[in-house]
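K.L.:
This is the structure I have questions about; it appears just below.
The values are calculated or read from the model by the stated rules, or taken from the named source; none is laboratory data. What you are looking at is a predicted structure, and each value in this text was computed from that prediction instead of being measured. Backbone-built Cβ (ideal geometry, glycine too); neighbour counts: all protein chains shown.
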Amino acid sequence: MTAILEVERVRKTFGGVVANDDITLAVPAGKIVGLIGPNGSGKTTLFHSIVGYHLIDAGSVRFDGREISGLRVPRIARRGLLRTFQQTRIYGKMTCLENMLISAPQRERSWLSILRRPPAADEAKAEDLLEFVGLYAKRRLRAGDLSFGQQKLLEFGMALMNEPRMLLLDEPTAGINPTLIKALMHRLRRVNEELAITLFVIEHNMSVIMNLAEYIYCLAHGELLAEGRPEEIRADQRVIDAYLGAH
Amino acid sequence: MRPRTASRWLLGGLLTLALAAPWLVPAYRTQISFLWVMIIFALTWDTLGGQMGYNSFGNVVFFGVGMYACAVVQRDAGLEYFPALFLGMAVAAALAVALAAVLGSGLLGLRGQYFAIATLGLGFAAGEFASGWDFIGAGSGMVTPLYPGEVGGRESFFYYLLLALTVTTFLVLRRLYSGRFGLAINAIRDDEDKAEAMGLHTTRYKTTAWCVSATFLGLTGAAVGNLIGFIDPRDVAFAGPTFGVWMVLMAILGGKGTLWGPVLGAAVFHVTQELFWTYLLGWQRVALGLLILAIVLFFPVGILGWARERWPERFGHTVDERPEPAEGGS
Amino acid sequence: MSNLQLLFDAPILCVQLLVDGILIGAIFALAAYGMALVWGVMNVVTICQGEFVMLGGYTAYFLYKAGVHPLFGVPIAAALLFAFGWALYRAVIFRVVDGDLFISILATFGLSILLQQLANQLFGADVRTAESGFRTLFFFDGMVTVSVVKIVAFVAALVVGVALLVFLKRSRMGQAIRATAQNARAARIMGVDTTRVYAATFGLNAALCGAAGALVAMTWLIHPYLGLPYTVRSFMIVILAGLGNVAVVLAAGMGLGAAENFAGFLLGAEYQAAFVFALLVAILLWRRFWLGRTRRYLK
């Protein structure tokens with residue numbers, strides 16, 4: 001079992017504030033791994049560091065064995081490492097279908113290909129995925145007119161459309177109607193199993209992440225506090241203290 | 001009638017009318033020629049401003065560069081009128097594209113108001129620079145060569161040239177918007193960070209969009225220089241406070257980010273403006289300032305934008321097939 | 001570039017250019033601070049900044065024609081423009097506050113065109129000046145000349161700046177303005193009448209520009225179309241100096257004044273305006289690439 005993502009001794013500071021310090025973790029290919037920690041513990045910063053949103057001060061990030069810490073966001077995305085946003089981001093004035101079509105992978109597109117129409121295969125795939133996330137009927141609506149939860153589903157669909165090898169999900173269940181969470185978890189598992197997409201998930205909802213992830217990392221104050229299988233994490237006194245202590 | 005068929009009929013009807021206009025109303029040939037110019041202005045501005053969300057006050061630079069480039073070729077190439085004109089237009093387009101590519105790689109990295117202000121500076125800098133450069137006649141401008149044909153032939157020739165340019169611009173943009181390119185620049189408009197996070201070649205798309213705009217603006221500039229016959233650096237070629245702002249207004253008036261909006265806006269604006277010139281002697285520019293304010297303050301969504309908010313289903317934004325309550329339909 | 005040779009042969013010319021530049025720079029800084037104020041408090045970019053300067057200039061000019069010394073024209077121009085700015089806020093600007101920034105740019109651009117065309121219609125396109133009757137001082141055997149009026153204008157600009165600072169620090173309205181700049185919603189909840197604050201801020205901006213314009217009329221020339229370069233200069237200074245610090249704004253203004261003077265001398269006066277506009281583009285690009293290194297961008 002090889003690691004698809006290896007983060008090694010990553011450090012990131014903003015001015016004098018240390019957001020991430022000496023973080024080392026690995027995500028094995030084909031698994032679902034969780035990232036938890038109290039608010040402000042540096043989870044989203046770590047995601048930003050991984051996908052190239054900002055430069056890291058020290059350390060290395062390897063995806064699929066290759067160093068990516070110097071690359072910019074679009075390059076990393078084209079290698080198949082994709083993230084979704086905590087504050088859901090979709091293209092508000094475009095229809096859902098258009099949102100999906102433009103999310104098709106950009107890997108080996110020449111300059112001239114940008115003039116072409118999207119191939120029919122893309123369209124079929126977009127519709128299938130919209131069906132999968134439950135938005136098929138709304139495919140011709142403007143994405144900005146959808147409810148927050150629907151936008152979140154759309155963003156998930158767009159990420160799948162991109163055929164990533166690994167997805168970083170920033171709080172996929174936040175703001176989603178509790179009755180829909182089960183369905184979402186089911187979809188995440190299917191994506192992981194059927195499409196073989198590795199998932200690395202930030203999540204605040206403990207019952208979700210404990211059920212979903214096979215392995216969990218816990219951050220506190222910008223440092224790696226604990227790691228282990230869900231049951232180990234649940235029993236870890238340091239983790240409990242971090243959550244209770246911070247709030 | 002399906003929208004696509006309707007659009008085809010509309011286009012055909014307008015085109016027939018446009019082709020016949022020089023016979024129907026010969027006295028208005030030049031005014032209508034300028035209507036074509038305005039439509040090109042609005043369409044090419046909208047590529048960036050409406051479709052991509054990059055509001056430029058500096059697109060007039062490509063127009064001016066094309067105008068001067070063509071005039072210089074006509075002056076210095078030592079060719080007959082038509083070969084020189086067509087060579088000049090080719091050079092104009094090439095130069096405008098090259099400039100857009102170079103400027104784009106830097107300026108298109110600026111976002112929001114910074115891009116708008118930078119392009120504002122760019123437009124005026126070009127005008128001031130042209131007024132100081134002796135090679136292109138500095139402040140006294142340039143005169144384009146005399147048209148060789150019979151009297152009145154010049155107007156007809158440039159009328160059809162500009163009409164052809166307008167139709168080409170429209171068709172090319174329509175083709176581009178309907179493909180991947182259109183989706184990509186729309187995505188950049190709606191959320192550029194997201195587009196980058198999805199792996200889109202944003203810089204490539206942005207620069208290409210500006211190059212497409214620049215091509216048609218350069219060609220138009222070349223033709224307009226010859227239609228007017230005289231190139232003034234500040235008032236014709238790099239006319240920021242007039243053409244530069246009008247482009248923006250026409251697109252907004254008709255409806256930013258739509259294909260027909262800029263065409264509609266240009267037509268309405270051009271007619272209004274011509275009326276001002278006719279009936280408000282001396283005060284027309286004041287009235288124009290008021291008009292700008294009125295459009296921006298009271299009608300920022302534009303004609304088609306308003307229609308789309310009013311009847312979203314006519315624009316295809318419908319809930320499909322399964323009869324669910326359309327909670328999302330605006 | 002023969003002028004470059006001249007600078008090497010007679011370095012004393014540098015002193016002349018520098019002094020002139022710094023003196024006018026303080027006036028640029030006034031208009032720039034007004035722009036920063038409106039931008040910071042209301043999130044509106046005013047393209048009609050230069051037109052306020054122009055109107056202030058005409059106020060001083062007409063007062064001068066009526067027998068008022070231009071120096072007294074400065075406070076009067078400021079007061080009139082304050083009222084004008086307030087009225088303009090009530091009529092137009094309130095519609096674009098808190099909206100799309102581009103709409104505010106476009107609206108104030110429209111205002112700018114409207115005001116300059118009105119000025120052109122009403123006052124004529126001629127170049128005017130308000131004679132102040134001050135002497136000219138000579139230094140270094142007449143190699144460096146400084147007209148007293150420029151020094152007076154410089155000092156007056158500083159006085160206006162200090163007065164503004166005291167106003168912002170001490171007065172209730174000043175405090176309300178600063179509170180609104182930090183967080184408009186919080187200020188509203190705490191009982192600040194933000195509409196009044198916005199109107200006052202916009203009025204203050206116009207007043208600052210008006211004072212600057214009166215100084216320009218006294219020191220140099222005015223005409224209906226002088227506005228845009230002042231707007232562009234303000235913008236440049238704000239980009240370089242940020243929205244808050246007066247001292248930095250002043251320094252940036254003086255630096256810009258000096259740079260412009262040198263450029264005008266070296267490239268020829270016909271390229272001075274081109275230089276101003278091109279410098280704006282250059283500064284923005286520089287900021288972009290500087291921030292781009294760390295993957296940030298101007299926002």
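K.L.:
Quick check: is even one residue across the range A:31-42 in contact with a His (Cβ under 7 Å, 6 or more places away or on another chain), in contact (Cβ under 8 Å) with a residue 60 or more places away in the chain and over 26 Å from B:Thr202 (Cα atoms)?
P.N.:
Within the range A:31-42, one or more residues are in contact with a His (Cβ under 7 Å, 6 or more places away or on another chain), in contact (Cβ under 8 Å) with a residue 60 or more places away in the chain and over 26 Å from B:Thr202 (Cα atoms).
K.L.:
So how many residues does the range A:77-113 have that are over 26 Å from B:Arg308 (Cβ atoms) and facing chain B (nearest Cβ under 8 Å)?
P.N.:
Of the residues in the range A:77-113, 11 are over 26 Å from B:Arg308 (Cβ atoms) and facing chain B (nearest Cβ under 8 Å).
K.L.:
Another question about this same structure. So which pairs qualify, if the first residue must be in the range A:3-17 and at positive phi, the second must be among the small types (Gly, Ala, Ser), the Cβ gap must be under 9 Å, and the two must be at least 6 apart or on different chains?
P.N.:
Listed by first residue and then by second, the contacts come to A:Arg9/A:Ala58; A:Arg9/A:Gly59; A:Arg9/A:Ser60.
K.L.:
Would you confirm whether or not the range B:12-31 contains a residue that is surrounded by 24 or more Cβ atoms within 10 Å (Cβ to Cβ) and of a type outside the set (S, T, N, Q)?
P.N.:
no
K.L.:
On the given criteria, is C:Gly50 under 22 Å from C:Val149 (Cα atoms), at pLDDT 90 or above and within 14 Å of chain B (Cβ to nearest Cβ)?
P.N.:
yes
K.L.:
Looking at this structure, is B:Gly78 more than 10 Å from every other protein chain (Cβ to nearest Cβ), more than 19 Å from the chain's Cα centre (by Cα) and not in a helix (DSSP H, G or I)?
P.N.:
Answer is yes for this residue.
K.L.:
Is at least one residue of the range C:75-88 within 14 Å of chain B (Cβ to nearest Cβ), closer than 26 Å to B:Phe298 by Cα and of a type outside the set (A, V, I, L, M, F, W, C)? Walk me through it before giving the result.
P.N.:
Taking the range C:75-88 and keeping what is within 14 Å of chain B (Cβ to nearest Cβ), we get C:88.
Cutting the leftovers down to closer than 26 Å to B:Phe298 by Cα gives us C:88.
Applying the additional criterion that residues be of a type outside the set (A, V, I, L, M, F, W, C) yields none.
No, there is no match, as no residue in the range C:75-88 is within 14 Å of chain B (Cβ to nearest Cβ), closer than 26 Å to B:Phe298 by Cα and of a type outside the set (A, V, I, L, M, F, W, C).
K.L.:
Could I ask something else about it? Quick one: C:Gly264 ticks every box in (1) crowded, with 24+ Cβ neighbours inside 10 Å; (2) modelled with pLDDT under 90; (3) of a type in the set (Gly, Ala, Ser) except a single one, so which number is it?
P.N.:
The one condition C:Gly264 does not meet is (1).
K.L.:
For A:Leu71, state whether it is within 30 Å of A:Glu6 (Cβ to Cβ), assigned to a loop (DSSP other than H, G, I, E, B) and among the aliphatic types (A, V, I, L, M).
P.N.:
In short, yes.
K.L.:
Quickly run through the range C:89-99 and pick out the residues that are at the interface with chain B (Cβ under 8 Å from one of its Cβ atoms), among the charged types (D, E, K, R) and not in a helix (DSSP H, G or I).
P.N.:
Once the filter is applied, which keeps residues that are at the interface with chain B (Cβ under 8 Å from one of its Cβ atoms), among the charged types (D, E, K, R) and not in a helix (DSSP H, G or I), the range C:89-99 yields nothing.
K.L.:
Also: If the requirement is being surrounded by fewer than 19 Cβ atoms within 10 Å (Cβ to Cβ), within 30 Å of A:Gly42 (Cα to Cα) and without any contact (Cβ under 8 Å) to a residue 60 or more places away in the chain, which of these qualifies: A:Pro74, A:Pro105? Let's see the steps before the verdict.
P.N.:
On the way: A:Pro74 fails: surrounded by fewer than 19 Cβ atoms within 10 Å (Cβ to Cβ).
Unique residue meeting the criteria: A:Pro105.
K.L.:
Residue by residue through the range B:227-245, note down the ones that are crowded, with 24+ Cβ neighbours inside 10 Å and either more than 11 Å from B:Gly64 (Cβ to Cβ) or touching a strand residue (DSSP E or B) at 6+ places or on another chain (Cβ under 6 Å) (or both).
P.N.:
If the condition is that a residue be crowded, with 24+ Cβ neighbours inside 10 Å and either more than 11 Å from B:Gly64 (Cβ to Cβ) or touching a strand residue (DSSP E or B) at 6+ places or on another chain (Cβ under 6 Å) (or both), then B:Ile231, B:Ala237, B:Pro241 are the ones that fit.
K.L.:
Here's something else I'd like to know. All but one of (1) touching a residue at least 24 places away in the same chain (Cβ under 8 Å); (2) within 10 Å of chain C (Cβ to nearest Cβ); (3) in a helix (DSSP H, G or I); (4) more than 12 Å from B:Gly58 (Cβ to Cβ) hold for B:Gly109; which doesn't?
P.N.:
Tallying (1) touching a residue at least 24 places away in the same chain (Cβ under 8 Å); (2) within 10 Å of chain C (Cβ to nearest Cβ); (3) in a helix (DSSP H, G or I); (4) more than 12 Å from B:Gly58 (Cβ to Cβ), B:Gly109 fails exactly one: (3).
K.L.:
Output the number of the condition that B:Gly257 fails; it satisfies all remaining conditions of (1) more than 9 Å from every other protein chain (Cβ to nearest Cβ); (2) in a loop (DSSP other than H, G, I, E, B).
P.N.:
(1)
K.L.:
What's the number of the condition B:Ala90 fails, among (1) at the interface with chain C (Cβ under 8 Å from one of its Cβ atoms); (2) surrounded by fewer than 19 Cβ atoms within 10 Å (Cβ to Cβ)?
P.N.:
Among (1) at the interface with chain C (Cβ under 8 Å from one of its Cβ atoms); (2) surrounded by fewer than 19 Cβ atoms within 10 Å (Cβ to Cβ), B:Ala90 violates only (1).
K.L.:
Taking the condition of a type in the set (Val, Ile, Thr), assigned to a helix (DSSP H, G or I), touching a residue at least 12 places away in the same chain (Cβ under 8 Å) and more than 7 Å from chain C (Cβ to nearest Cβ), does B:Val102 pass?
P.N.:
For B:Val102, the condition - of a type in the set (Val, Ile, Thr), assigned to a helix (DSSP H, G or I), touching a residue at least 12 places away in the same chain (Cβ under 8 Å) and more than 7 Å from chain C (Cβ to nearest Cβ) - is not met.
K.L.:
For B:Cys211, which of the numbered conditions (1) surrounded by fewer than 22 Cβ atoms within 10 Å (Cβ to Cβ); (2) closer than 27 Å to B:Val301 by Cα; (3) without any contact (Cβ under 8 Å) to a residue 60 or more places away in the chain; (4) not charged (D, E, K, R) fails to hold?
P.N.:
Looking at each condition in turn, B:Cys211 falls short on (3).
K.L.:
From the residues in the range C:111-121 that are at the interface with another protein chain (Cβ under 7 Å from one of its Cβ atoms) and more than 16 Å from B:Val296 (Cβ to Cβ), which one is surrounded by the most Cβ atoms within 10 Å (Cβ to Cβ)? Break it down stepwise before answering.
P.N.:
The first filter runs over the range C:111-121 and keeps only residues at the interface with another protein chain (Cβ under 7 Å from one of its Cβ atoms), leaving C:111, C:113-114, C:117-118, C:121.
From the residues that got through so far, the ones that are more than 16 Å from B:Val296 (Cβ to Cβ) too are C:117-118, C:121.
Working: C:Gln117: 22, C:Leu118: 18, C:Gln121: 14.
Applying the filter and picking the extreme gives C:Gln117.
K.L.:
Consider B:Leu227 against the criteria (1) touching a residue at least 60 places away in the same chain (Cβ under 8 Å); (2) more than 30 Å from B:Asp134 (Cβ to Cβ): it satisfies all of them except one. Which criterion is unmet?
P.N.:
That leaves (2) as the condition not met.
K.L.:
For the range B:174-191, does any single residue satisfy the condition of being touching a Phe, Trp or Tyr at 6+ places or on another chain (Cβ under 7 Å), more than 7 Å from every other protein chain (Cβ to nearest Cβ) and of a type in the set (S, T, N, Q)?
P.N.:
Checked the range B:174-191: no residue is touching a Phe, Trp or Tyr at 6+ places or on another chain (Cβ under 7 Å), more than 7 Å from every other protein chain (Cβ to nearest Cβ) and of a type in the set (S, T, N, Q).
K.L.:
Within the range A:151-162, is there a residue that is facing chain B (nearest Cβ under 8 Å), crowded, with 18+ Cβ neighbours inside 10 Å and either basic (Lys, Arg) or over 24 Å from the mean Cα position of the chain (by Cα) (or both)?
P.N.:
no
K.L.:
Then there is this: Answer yes or no: is there a residue in the range B:98-115 that is under 16 Å from B:Ile231 (Cβ atoms) and within 24 Å of the chain's Cα centre (by Cα).
P.N.:
No, there is no match, as no residue in the range B:98-115 is under 16 Å from B:Ile231 (Cβ atoms) and within 24 Å of the chain's Cα centre (by Cα).
K.L.:
Please return the ranges of helices (runs of 4 or more DSSP H) entirely within the range C:214-299 where 3 or more residues are within 14 Å of chain B (Cβ to nearest Cβ) and either touching a Cys at 6+ places or on another chain (Cβ under 6 Å) or closer than 26 Å to C:Gln121 by Cβ (or both).
P.N.:
C:227-241
K.L.:
Name the helices (runs of 4 or more DSSP H) wholly inside the range B:128-210 in which the number of residues that are modelled with pLDDT under 90 and under 22 Å from B:Tyr81 (Cβ atoms) is 2 or more. Give the steps one after another, and end with the answer.
P.N.:
Values: elements: B:153-177, B:180-190, B:192-197.
In the range B:128-210, the matching helices (runs of 4 or more DSSP H) lie at B:153-177.
K.L.:
Right, next: Restricting attention to the range C:122-132, which residues are surrounded by 10 or more Cβ atoms within 10 Å (Cβ to Cβ) and outside any helix (DSSP H, G or I)?
P.N.:
As a first pass, look at the range C:122-132 and keep what is surrounded by 10 or more Cβ atoms within 10 Å (Cβ to Cβ): C:122-125, C:127-132.
Once the filter is applied, which keeps residues that are surrounded by 10 or more Cβ atoms within 10 Å (Cβ to Cβ) and outside any helix (DSSP H, G or I), the range C:122-132 yields C:Gly124, C:Ala125, C:Val127, C:Arg128, C:Thr129, C:Ala130, C:Glu131, C:Ser132.
K.L.:
Condition first: within 14 Å of chain C (Cβ to nearest Cβ), within 22 Å of the chain's Cα centre (by Cα) and part of a helix (DSSP H, G or I). Now tell me which residues in the range B:298-317 satisfy that.
P.N.:
Result: B:Gly302, B:Gly305.
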